[in-house]
């Protein structure tokens, strides 16, 4: 499943980051890459963006970006 | 760059690190130079340097923008790369890099360090936030970390100075030994390289860090359960914004009044000490009144930046952007545009400068183009004057102040116009797919007083500098436009009968004439205005009519007539193209309030209320006042902003486009207000 659909508050494992170009590169450079643990923390008040937790820090990304991140529980 | 202290010995050291890693706090601590902290998009927009003593040798320490990486395309990253490769004019390639690494966020911070290795410059790691890290029940083996990175690692605490001396020694040694880092990270393509770096980092971290309680939810997450809650979060955000506005609009009043009185007294003192003449008039009416009239807004700016600095320093502003991003993205803006736009309520200049870290060029330009629509503090005196003159003491439903409603309406009009313009821009000339949004929510931290004060005063400094340069120059030009050509006193009685008779230019009289009435830009209230004999008033009026400014006002009168404005308002509009608040001082000059210190007289407000056209009808009505306010909401009347936009977009076309669309918008809205109001029966 992709990260947008992961249950909030549960640790998941990234299996793939499917996008390409600058955004995906930036995500990977900030540590969001296959093999690491990620947690969907919460969704913003208007449904977007979402807050995720990776490498021990919090990151806000939009659903568009989250949709490119494949995870497994 | 010219302002950077140059190191005599020629040693240059770059300070690099992630945003929120404590880099600028360390910079302040090492150099003691006044400098603001990088904590939120848009703060560290300028590269700063200070002198840092390496033993006895003074080195030039360059504070790079906060960076996550050096390989993507943002402006900050390009600047940082250019500094590190020595491609910036006048800046030698650094002899060493101090890499600031946040111990609580080791892996991601080390990613940048592995990129810094690639520049072939000795790197020294300054490890910050150790105290926080250890409080979280983690342990870090600094010696081991240093061995694994083959790089000196020094624990520092910028707040209490711990580790500063050791950092000096390590950097000195690193430069002397000229050590280069042996690592190379080749993983083939771009993704491969990122993996290679992170694999290396994972190894390093696993061997040097002992996590006792990795899964402990940190305190920031607990705070965020409230502050980014979908309901409470928004309520608190609105409350905070209300508090900020309350501070700007009411707490700032007292210091502003004091400043106003101060400049008034200064002008009076200078005039009393100097002999009458052009030089005195220039000094008092042109320079002191002009620059003083702008500096009056300093308390508001300081207060706004105090709040923004606190919000930044604590980490709250990122949460605000998180809460508001969806709304911003609906009109095609980035959540990061929130800070520049909010800053623009004080002044568009720092706001526009704060757009630099919006990476996408189109998003950034869209933000720049709408920033001046936010009602800045320079519009306040215009709104206040109009409300005081025509709407004071009136209420709606018996208890809601009409003035407050109008004030709110003006702010809302600017915001709504900005939303519409952004919406249109992002669907036409700045069309682009939805912008990426990747923003760190940094851990909450207690604000550091020194950091906040430095931040506040640095930004206030930008404003003062503006007052001392552009505004000063424009004040002098405008003063001259209204001062010349001078009238000969002997011609006055003749000219008084032939109304338009005195149009041709006459040689300067040398004596005070018009300008004695123009002392120190009265703003609106409590200013004792003084009556002058009728002939004197007429003479002054004619002087203005004859001046270059007066002629310009007449020239544009046909254009502004449909807005209900006469040529005198035209003069004020022309003058306020320099800066909006100049409208008030220009109106007081035009309406000739104040001269003989001993006599009672009308204030600027009643002068406006009683101003008549040549046919004897009143110039102003509540509708005219409202029209003028609407015009001021939307018009681009600030030369300094124009200059900043030119610099930030590096394009005259965009700059002129902005001036053009705002002028058209302002005219159209003012036209609709005035003509619509007349149709509805308001005169």
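The values are calculated or read from the model by the stated rules, or taken from the named source; none is laboratory data. Since the structure is predicted, the reported quantities are computational estimates derived from the model, not experimental observations. As a convention, Cβ positions derive from the backbone with ideal geometry for all residues, glycine included, and neighbour counts pool all protein chains shown.
Here are the numbers:
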read-out: For residue B:39: the one exception among (1) surrounded by fewer than 23 Cβ atoms within 10 Å (Cβ to Cβ); (2) modelled with pLDDT under 85; value: (1)
read-out: Unmet requirement for residue B:616, which otherwise passes all of (1) modelled with pLDDT under 95; (2) in contact with a helix residue (DSSP H, G or I) (Cβ under 8 Å, 6 or more places away or on another chain); value: (2)
read-out: Members of segment B:227-276 found to be closer than 17 Å to residue B:321 by Cβ and in contact with a helix residue (DSSP H, G or I) (Cβ under 9 Å, 6 or more places away or on another chain), listed by number; value: B:227, B:228, B:229, B:230, B:233, B:234, B:236, B:237, B:240, B:241, B:244
read-out: Residue satisfying all of: in segment B:165-194; within 14 Å of chain A (Cβ to nearest Cβ) and touching a helix residue (DSSP H, G or I) at 6+ places or on another chain (Cβ under 8 Å); nearest to residue B:97 (Cα to Cα) among these; value: B:185
read-out: Hey, residue A:12 more than 16 Å from residue B:326 (Cβ to Cβ), more than 7 Å from chain B (Cβ to nearest Cβ), without any contact (Cβ under 8 Å) to a residue 40 or more places away in the chain and over 9 Å from the mean Cα position of the chain (by Cα) or not; value: no
read-out: Of the criteria (1) more than 30 Å from residue B:218 (Cβ to Cβ); (2) surrounded by fewer than 21 Cβ atoms within 10 Å (Cβ to Cβ); (3) within 26 Å of the chain's Cα centre (by Cα), which one residue B:402 fails; value: (3)
read-out: Segment B:407-418, residues that are crowded, with 18+ Cβ neighbours inside 10 Å and either out of contact with any helix residue (DSSP H, G or I) (no Cβ under 9 Å at 6 or more places or on another chain) or under 18 Å from residue B:326 (Cβ atoms) (or both); value: B:418
read-out: Test: residue in segment B:86-97 that is crowded, with 24+ Cβ neighbours inside 10 Å and closer than 19 Å to residue A:29 by Cβ; value: yes
read-out: Residue identified as more than 20 Å from residue B:615 (Cα to Cα), modelled with pLDDT of 50 or more, surrounded by 23 or more Cβ atoms within 10 Å (Cβ to Cβ) and touching a strand residue (DSSP E or B) at 6+ places or on another chain (Cβ under 7 Å) among B:579, B:572; value: B:579
